[in-house]
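Asker: Structure provided below as structure tokens; questions to follow.
The values are calculated or read from the model by the stated rules, or taken from the named source; none is laboratory data. Remember, predicted model here, so these are calculated numbers, not experimental data. Methodologically, a virtual Cβ is constructed for each residue, glycine included, from the backbone with ideal geometry; neighbour enumeration extends over all protein chains shown.
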């Protein structure tokens with residue numbers, strides 16, 4: 001994804017240059033843009049945030065707590081999948097070590113308790129517990145990243 005962004009940026013920069021500009025060693029700017037029939041540059045009105053409209057369908061902040069909790073879980077699963085794809089040879093062993101750590105076992109118990117009360121909780125209670133859910137996943141993913149970054153104990157065995 002990073003390579004695609006870099007490639008798009010380079011293509012944009014190359015396409016922005018006009019043929020005569022490269023020989024002169026300068027790049028075109030918005031000041032160089034002239035209307036088709038005139039000598040004066042066109043006036044550009046500054047953009048204002050007051051004109052922006054929030055699309056309620058895309059506004060996750062106003063979504064129900066149930067949906068936002070699902071997004072937290074989805075983000076954690078995405079992190080796990082990225083770590084697995086980036087470290088296929090060592091991920092399984094690291095994940096086994098990670099799941100056996102006392103803090104991760106504690107986080108799992110906390111998550112199970114949150115899930116048990118979540119089903120019957122009112123929306124206000126869910127809202128109050130949402131930061132806890134996010135913090136649990138963030139901590140668990142930080143611990144997993146650290147475990148995956150450690151050298152594998154099997155690699156330390158010397159012949």
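Each row is one residue, and each column tells you yes or no for (1) in contact with a strand residue (DSSP E or B) (Cβ under 7 Å, 6 or more places away or on another chain); (2) closer than 17 Å to residue 77 by Cβ; (3) buried (at least 16 other Cβ atoms within 10 Å of the Cβ); (4) at pLDDT 95 or above.
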residue	(1), (2), (3), (4)
102	no, no, no, yes
109	no, no, no, yes
115	no, yes, no, no
120	no, no, no, no
124	no, no, no, no
149	no, no, no, no
152	no, no, no, no
155	no, no, no, no
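Asker: More than 24 Å from the chain's Cα centre (by Cα) and surrounded by fewer than 11 Cβ atoms within 10 Å (Cβ to Cβ): is that true of residue 85 in this structure?
Answerer: no
Asker: Any idea which residue in region 43-71 is modelled with the lowest pLDDT, counting only those that are touching a helix residue (DSSP H, G or I) at 6+ places or on another chain (Cβ under 9 Å) and surrounded by 10 or more Cβ atoms within 10 Å (Cβ to Cβ)?
Answerer: Among those residues, the one meeting the criterion is 63.
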